[in-house]
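Taking it in order: structure first as structure tokens, then the write-up.
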Amino acid sequence: MYLSARSNNLSTQKIEVPQNRKLLLFVFDLNDFMCLTCLDSFLTFCNSIPPHILEENTWGILTIESAIKTSGLKDSVKIARTKLRGFMLANRIKFPIFIDEYQIFRQFEKKGTAILLFDGTNNILKEYVFPLSKNQIGEIQEIVSGF
């Protein structure tokens with residue numbers, strides 16, 4: 001499933017997340033996965049997380065700032081939706097991914113694909129940038145085991 005994040009709708013459209021719910025948030029650009037090490041790290045990590053956590057406590061944000069600079073907003077969103085659909089099907093991604101149409105998460109594009117962990121009060125616990133080390137994977141797994 002994919003959705004477009006619209007900054008002008010955030011004040012009128014509420015996304016309700018229960019107060020005690022923890023969240024694992026991926027922020028990525030599909031271009032990051034042209035690096036096979038990063039793609040392998042991402043897929044290995046996703047496969048190491050229990051399916052119920054991926055389905056219930058995980059969201060993704062697809063940034064498209066670099067594509068917008070090349071193709072313009074309208075074409076970039078259309079292309080991103082097509083690529084995202086194929087990426088999700090090919091890699092059996094079960095969590096929802098929002099397309100960052102209005103570049104709310106553009107600051108992460110420079111860092112690369114990242115995972116943000118939020119605690120039950122929706123405060124960030126940690127940020128990790130791919131590719132992940134074994135120690136980082138272990139730390140994340142320990143945190144999400146409490147989900």
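The values are calculated or read from the model by the stated rules, or taken from the named source; none is laboratory data. Computed from a predicted model, the values in this text were never measured in an experiment. As a convention, Cβ positions derive from the backbone with ideal geometry for all residues, glycine included, and neighbour counts pool all protein chains shown. We work out accessible area using only protein heavy atoms, side chains counted, and drop any ligands, DNA or RNA first. Shrake-Rupley method; radii C 1.70, N 1.55, O 1.52, S 1.80 Å.
Of the peptides 132-141, 90-99, how do they stack up when ordered by the mean number of other Cβ atoms within 10 Å, highest first?
Details: 132-141: 13.9, 90-99: 15.8.
Output ranking for 132-141, 90-99: 90-99, 132-141.
Separation of region 107-147 and region 22-45, taken as the distance between their Cα centroids, equals 12 angstrom.
Under the simplified labelling scheme, the residue 137-residue 40 pair shows an inter-label distance of 1.1 nm, with each label point 7 Å from Cα along Cα→Cβ. Looking at the square roots a ≥ b ≥ c of the eigenvalues of the Cα gyration tensor of region 95-135, which shape do they give, rounded for a/c under 1.5, prolate if a/b is larger than b/c, or oblate? In terms of gyration-tensor shape, oblate.
Nonpolar atom fraction for region 21-81, defined as the carbon and sulfur part of the 1.4 Å probe accessible area, stands at 58 percent.
Take 107-117, 78-88 and order them by the average number of nearby Cβ atoms within 10 Å per residue, most first; the result is 107-117, 78-88.
Between residue 53 and residue 81, what's the calculated FRET efficiency when r is the beta-carbon distance and R0 is 25 Å? Round to 0.05. Kindly include the intermediate steps, with their values, before the conclusion.
Numbers: r = 26 Å, r/R0 = 1.03.
The formula returns an efficiency of 0.45 here.
Could you order peptides 38-47, 56-65 by the average number of other Cβ atoms within 10 Å of their residues, highest first?
On the way: 38-47: 16.4, 56-65: 20.7.
The densest-packed peptide leads the list: 56-65, 38-47.
Tell me whether region 20-61 comes out rounded, prolate or oblate; compute the Cα gyration tensor, take square roots of the eigenvalues as a ≥ b ≥ c, and use a/c under 1.5 as the rounded threshold. Because a/c hits 1.5 or more and a/b fails to exceed b/c, region 20-61 counts as oblate.
Of all accessible surface on region 104-147 at a 1.4 Å probe, what whole percent is carbon and sulfur? Working shown, then result.
Working: 1260 of 2560 Å².
Reported share for carbon and sulfur atoms: 49 percent.
Rounded, prolate or oblate: pick one for region 48-112, where a ≥ b ≥ c are the square roots of the eigenvalues of its C-alpha gyration tensor, a/c under 1.5 means rounded, and failing that, prolate if a/b is larger than b/c, else oblate. It comes out prolate by the Cα gyration axes.
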